[in-house]
Amino acid sequence: MRASRSGNILRNVDWVTIGLFLGLVFFGWLNIYGASYTFDQTSIFDFSNRAGKQFVWILGSLVLGIVLLLLDYKTYDVLAYIAYAAMLLLLLATPFLAHNIKGSMSWITIGPVNLQPAEFAKCIVALAIAKYMGRYEYKLRSWRDLIVPFVLIGVPMMIIMVLQKETGSALVFAAFLLVFYRQGMSGHVLWICVAAVALFIISIRWGGTALPLGNGNVGILACMLLLTTVEIYFICKEHPMRFQALILVSSVGAIYGISLIVNIWKAVPFNWISMGIVIVLVLYNTFISIYWRKYSLLVVAAFTLFCIGYTHACEYVFSKVLQPHQRIRIEVLLGMKEDPAGAGYNVNQARIAIGSGRLFGKGYLNGTQTKLQFVPEQDTDFIFCTVGEEWGFIGSIGVLLVYLLFILRLIAIAERQRSESTRIYAYAVASIFLFHLMINVGMVLGLLPVIGIPLPFFSYGGSSLWGFTLLLFILLRLDAARMEQLR
């Protein structure tokens, strides 16, 4: 019977996904060797080198994958909540057991190796969310149904960010928003996230830029104009009245026009005027919402008021909450500071390395930027620059295409599931891989802030490799048993 079950697993497991996994792991291992290669090194299996150490981690990940495939698929559902509770205790204990590594308290030393529990937390949270949202009686009808899922991702996220001071690993949990959206969460939630990021960037980037006329700054005025546009849009969309849009836009324009004329004789506080216009629009929206009995639009008004406070709080968060190295990375990314020898050094050197590879690259083990150690963290967070330098544009596009095929395969696996909980877990896995890929490549190219998250299967490190292996092979085991599961 055991032999028969093993045969079923071998027959039903998705070998295409395993093939993509093995290809990414192998090519990643080659690039770790290329990134850490020194001219006096002779073997890729040299265990004093990171490539040799990574080979050991790869063997361990293969054994882990086999074990995960051989376990009964029901084990993952049964242990989901227990593993989640144990994971929270481990995350809470980590800051007290860990050593300070570059300001982070997230690594536990066990004998000769260092492990990062946050890398394994993503898989356990995905299992817990899949079990909760996959219940037969669970339906995502309103924001109340998202309270528990948000708590499930919010608690470990805050522990990792606040206690362990590991911002990058904490932000990965934002990938679960894509899962919630796929399950029926309103698209407004994603727009709220986009609005929060936009308001933060505008208020920080231009908050210190004074207006050429009157009193105030460009950042606050731009944020208030954005909120004014949002309010007018929803008012006209949900309360259609003749010439209403023209009247509102003309009124706002007239107020600013009069303010500019008055400013000739006396400086006008444009920040306060712009804020007053938004508040008046909120009150108007609230009045006609109650009058027309469309109470759902009161949420828009409440959100706008929240955004006003949020915009003014961004400066405090930026200057008081974020760590100094996080602030300067954002300032360099937004063009507020030039620091080529400091916070911008990694990204500048990574760009030079990738650009020097041109179309076809310099050839394997022939990268000068990487061989001369010009790129910090070139075999971990910045390993994609090694791909760009040695394999060129063609090689980089090839790697990204393989990642694309891998993620599309995960989505296909998700769509063919009979069990709702397995489908949710599959989308969680796909979202986490997509988030890691986009953020890592984006920060190496200088398009996103450097937050320090690994490139799946490429970056050196046993915790990240085993964490990704755990995510993937649990999914493959659940997928292999899909014909045994009820809808």
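Quick notes on this one:
- Reciprocal of mean inverse Cα separation for segment 332-487 (Kirkwood radius, Å): 17.0 Å
- Globularity ratio of segment 141-226, using Cα Rg and 2.2 N^0.38 Å: 1.43
- Size descriptors for segment 175-317, from the alpha-carbon set: Rg then Dmax equal 16.7, 57 Å.
- Gain in span if fully extended, K320 to N366, counting 0.36 nm per residue against the direct Cα distance: 12.1 nm
- Calculated FRET efficiency, A210 to F26, Cβ-Cβ distance, R0 = 56 Å: about 0.50 to the nearest 0.05.
- Computed label-point distance, nm, for sites L97 and R182 using a 7 Å Cα→Cβ extension: 3.2 nm
- Entry comment: accessible area of the chain is 49 Å² per residue, from protein heavy atoms only and a probe of 1.4 Å.
- Radius 15 Å from Cβ of S464, net charge of other residues (Lys, Arg +1; Asp, Glu -1): -2
- Solvent exposure, largest accessible area first (probe 1.4 Å, DNA, RNA and ligands not counted), of V194, V429: V194, V429
- Tilt relative to the chain, helix 462-480 - C-alpha long axis, 0 to 90 degrees, to 10: 90 degrees
- Percent carbon-and-sulfur accessible area, segment 34-159, ignoring ligands, DNA and RNA, probe 1.4 Å: 71 percent
- Cα gyration tensor category, rounded, prolate or oblate, for segment 1-144 with a/c compared to 1.5: oblate
- The loop-placed chymotrypsin sites (Phe, Trp or Tyr not before Pro) in segment 44-103, going by DSSP, that have at most 15 neighbouring Cβ atoms within 10 Å of their Cβ come out as F45, F47.
- Annotation: extensible slack from L225 through T75 equals 48.6 nm (criterion: 0.36 nm per residue apart, minus Cα-Cα distance).
- Volume per residue of the convex hull around the Cα atoms, evaluated for segment 105-157, comes out as 70 Å³.
- Over the Cα atoms of segment 59-134, the radius of gyration divided by the Kirkwood radius equals 1.03; this is the Rg/Rh ratio.
- The alpha-carbon positions of the chain define a convex hull whose volume is 179 Å³ per residue.
- Members of K139/K165; K122/K320; K266/K320; K122/K165; K53/K371 lying beyond 26 Å, as alpha-carbon distances in this model show: K139/K165; K122/K320; K266/K320
The values are calculated or read from the model by the stated rules, or taken from the named source; none is laboratory data. Here the structure is a predicted model, which means the values were calculated and not measured. In this analysis, Cβ positions are derived from the backbone assuming ideal geometry, glycine residues included, and neighbour counts consider all displayed protein chains. Just so you know, the surface numbers come from the protein's heavy atoms only, side chains and all, with ligands and any DNA or RNA stripped out. Shrake-Rupley method; radii C 1.70, N 1.55, O 1.52, S 1.80 Å.
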